[in-house]
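Here's the structure we're looking at; comments come further down.
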Amino acid sequence: MSRITLTQFLIEQQREQKHIPADLRLLIEVVARAVKTISVYVGKGAVAGLLGNAGTDNVQGEAQKKLDVAANELLLQANEWGGHLAAMASEEMEMPHPIPHGYPKGGYLLVFDPLDGSSNIDVNISVGTIFSVLRRPEGVTETDESAFLQPGSEQVAAGYAIYGPSTMLVLTVGTGTHGFTLDREFGAWVLTHSNITIPADTKEFAINASRARFWEPPVKRYIDELLAGNDGPRGQDFNMRWVASMVADVHRILARGGIFMYPLDEKNRPNGGHLRLLYEANPMAFIVEQAGGAATTGREPVLSIKPNKLHQRVPVILGSKHEVERVARYHRES
Ligand code: AFP
């Protein structure tokens, strides 16, 4: 059986299509190798002694899980010495991580959420890793926080791994969104889902409904209409799903359509939203848009936001295009 591996796919993107330079290809391969190791640890669960809290808090004041810390370390170590990066930044670290002295530096910045959906680790529900690659801005030699503050439209690559019944890597380098499944016996990423397309219409939505009393009027209007189903203005029934791992919710939307919402509400307003712009919202927005979907905060496209800090939070509404456009319209009309 002839199979296209991630390496072949990337070489094709580099050589034939001239979409990516060689150093970006190599960088993505290093991330993909690190993710394989994370997948092994996640799969071992309690056997590896990696469930539960690490006993520390991250910069957001959230209790770190042992796997958060381990996945963060794995990504840092794997990417430090490759020579493709100027610096890295992570959900788990307050400040950017410089490339240690003695290693060559490159022209890219890597940002990641090493283990997204941490609350699901201990209950054996899918979690993931999200990453985004930016260019180091021209003329910047010391790579501090400001180098990372680029709009999502500047991303040159983005992806996520989902550690579910199978492990998958979903990737975009700006030429569509493609899914690779890990063949565990051979240790190879096999292209199984090329040119993923999100249907523009959907009957499925994902939102944490326990926050309904804090929602803004346009969100309340939209969800009320969906809940009214056949008897309401939409004239059809909708179904609801919420995994509480963004990777799993987005993965379902890439597979069969849907809308994912973590909107601005009265409770998260002081923080500007819930999800982090640089390593959650931006990479997912890039992946979703490359699959024909859309991503907005309700007020502006996610990819157009100029960040003002590394761990900035934003509202996120993404997925099937027509539904996302409808929610954006309800915000304009509100
Ligand atoms: P972590 O990276 O801290 O695990 O974040 C999980 C998350 O940001 C995202 O993956 C989920 O969609 C969302 O939080 C779940 O939020 P609720 O706790 O409100 O369900």
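I'd like to verify a number: residues in the range 237-268 that are open to solvent by 40 Å² or more (accessible area, probe 1.4 Å), touching a helix residue (DSSP H, G or I) at 6+ places or on another chain (Cβ under 8 Å) and farther than 21 Å from Glu216 by Cα, how many? Final tally of qualifying residues: 2. Quick one: in the range 181-214, which of the residues that are within 16 Å of the ligand (Cβ to nearest atom) and surrounded by 16 or more Cβ atoms within 10 Å (Cβ to Cβ) is farthest from Arg269 (Cα to Cα)? Result: Glu204. Here is the figure for the range 215-261: residues that are within 16 Å of the ligand (Cβ to nearest atom) and part of a helix (DSSP H, G or I) total 11. Test Ala281 against the stated conditions and say whether it is of a type in the set (A, V, I, L, M, F, W, C) and under 26 Å from Leu110 (Cα atoms). Taking the combined requirement at face value, the residue satisfies it. With the checklist (1) within 14 Å of the ligand (Cβ to nearest atom); (2) part of a strand (DSSP E or B) in hand, flag the one item Leu110 doesn't pass. Single failed check for Leu110: (1).
Scan the range 113-132 for residues that are within 15 Å of His311 (Cβ to Cβ), of a type outside the set (A, V, I, L, M, F, W, C) and within 11 Å of the ligand (Cβ to nearest atom) and jot them down.
Selection gives Asp113, Pro114, Asp116.
Of the numbered criteria (1) acidic (Asp, Glu); (2) in contact with a Pro (Cβ under 6 Å, 6 or more places away or on another chain); (3) exposed (fewer than 15 other Cβ atoms within 10 Å of the Cβ), the one Glu225 fails is (3).
Apart from one condition, Lys267 fits all of (1) within 16 Å of the ligand (Cβ to nearest atom); (2) within 16 Å of the chain's Cα centre (by Cα); the exception is (2).
The values are calculated or read from the model by the stated rules, or taken from the named source; none is laboratory data. As the structure is a prediction and not an experimental result, all values here were calculated from the model. Here the Cβ is made from the backbone with ideal geometry for all residues, glycine too, and neighbour counts use every protein chain on show. For the accessible areas, the whole protein counts, side chains as well, though only heavy atoms, and no ligand, DNA or RNA atoms are used. Shrake-Rupley method; radii C 1.70, N 1.55, O 1.52, S 1.80 Å.
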